[in-house]
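Taking it in order: structure first as structure tokens, then the write-up.
Any read-out appearing in this document is the output of simple, stated calculations on the displayed coordinates, not a laboratory observation. None of these values were measured; they are calculated from a predicted model. As a convention, Cβ positions derive from the backbone with ideal geometry for all residues, glycine included, and neighbour counts pool all protein chains shown.
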Amino acid sequence: MIKLLPNFLTLGNLILGMIAVMLCLSGEYQVAAILVVIGMVVDGLDGRVARALGVQSDFGREIDSLSDIVTFGVAPAVIMYVAELHTLGVTGDIITVLFPVAGALRLARFNISVGRTNYFVGLPITAAGGILATFVLYRGLIPFYWLPILTVALSYLMVSRTRYPNFKKVGLPKTAFAVLPILVISVAYLFFEHRDIVPSIIFLILGLYGGYGVWHDGRAYMRRRAKERVRRVQE
């Protein structure tokens, strides 16, 4: 039974995503956004627990991807749509659909990638969904036009060739799964009791992560341009 724990965590992630969608449709999009963030925590645990227990499988990877498209693709897009994008008419509809489509393409590309590296190609859907969900919590503090712009930008970053650090290689000791229920319950309590502070921290961390890839690629581009100018001068 303990070997099924990673799959239970993955299904828990999917359940959180579905509850987030249902709450959002009931107008509780702020609570829905917090559930997406909790889903990020659960999603970060299932793979590590599977590696710690030595029970990694193709089945687990497939169900993880299917869960991710719901919790971090569909749910954040619906949250943003209900909160703001529905006011844009057809344009808002297109932007809303674009996000999970880009997420699905990102997951498909990742699933067929060959070899293991210390970086991701394209912004992971988990981070993109977390940024979009937490961004909604502060919609009243920023100009409205930033919301659709951010949604489109995140969609692009997911399918881009921008490189992002891969922290999934950091494993857990085999005894860590014993405290997972306590950890998940503690995180959920923290989010719901301190929702004004914790999402801000999460958004800041994810925003820095999302911006890192853009900065890294920009710096690499400038270095290439500098080398090209030096080469032209030498020629």
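Principal axis extents of the Cα atoms in the range 29-148, from largest to smallest and rounded to whole angstrom, are 47, 25, 23. Database remark: amide H of Ser160 closer than 5 angstrom to the amide H of Leu123 (H placed geometrically; neighbours at sequence offset of 5 or more, or on other chains; Pro and chain starts carry no H). Our coupling estimate for the range 70-82, obtained by passing each phi through the Karplus curve with A = 6.51, B = -1.76, C = 1.60 and θ = phi - 60°, is 7, 6, 10, x, 5, 4, x, 5, 5, 4, 5, 5, 5 Hz, Gly and Pro reported as x. With both labels modelled 7 Å from their Cα along Cα-to-Cβ, the Arg139 to Arg225 distance reads 3.7 nm.
Close amide H contacts of Phe120 (hydrogens built in the peptide plane, cut-off under 5 Å, sequence separation of 5 or more or a different chain): Tyr164, Asn166.
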